[in-house]
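Here the structure comes first, spelled out in C-alpha cells, and everything after it is commentary.
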Amino acid sequence: MEHVDYYNTLGIPATATYKVIKQAYYDLSRKVHPDSAVKDKQSQETNLPAFHQLSVAWEVLGDHARRREYDRHWSAYQNRAHGVVQDEVDLDDMEFDSDTRKFSYPCRCSGSYIIAEDDLDAAREIAPCTDCSLKIRVLYEVMDCSDSDQNDSHI
C-alpha cells in the first residue's frame, strides 16, 4: 500500500477544518488543472499527475468517514516509520553474543530486540524487534578509548 501524506499534498495541517481542506483543494486545483494551465500539450501532461493527486487527497479528506480512517492508518504508518520507541533498556540488561557481536533483549511478542556492537559504536541506539514493529532505545555510556588505552599502558 502506498503511503501518501494528503495533508502535505494540499499544503494544510492535519488539524484543518473541512472548510480549510475544501478551500485548499479548490485553490490548488485551479493552479494545476490541465484545462486551466497553459494550452500546450506538454503543460497539460505535466499537470495531470499533480491534479490527480489533489483529487485523491480531496476525495479522502473531504469525506468525514474516509478522513477518519485515513488518519488512523496514517498515524499508525507514521509511528512505524519514525520508530516510536516502546521502552528504554539498559545495555547491562541485554545479553551479548560474542560470536555475532550483537546484543539482544526479549520482546513481549516472543521475538528479540537486536542491536549490533557496531551500531552502538556509531551512536545508533534504537533496537528493532525481529518479529514485530516494536523498538527500544538502548541506554549506555560511551567510554573514552583514550582513558582505557592509558590505563592499559600503565599495567
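Rule-based calculations on the coordinates, nothing more; no lab input. Predicted model, so just to flag it, every value in this text is computed and none were measured. All Cβ positions, even for glycine, are placed from backbone atoms using ideal geometry, and neighbour counts span all protein chains on display.
Taking the stretch 15-29 and a reference point 7 angstrom along Cα→Cβ of Gln78, the backbone N atoms nearer than 16 Å belong to 15-17. Note on the stretch 85-139: dipole from Cβ charges, positive end direction compared against Leu120, Val89, Ser110; the farthest Cα belongs to Ser110. Multiplying the residue separation of Thr17 and Gln53 by 0.36 nm and removing their Cα-Cα distance gives an extension gain of 11.0 nm.
Using the Cβ-Cβ distance between Val4 and Asp99 with R0 = 41 Å, the FRET efficiency computed as 1/(1 + (r/R0)^6) comes to roughly 0.40.
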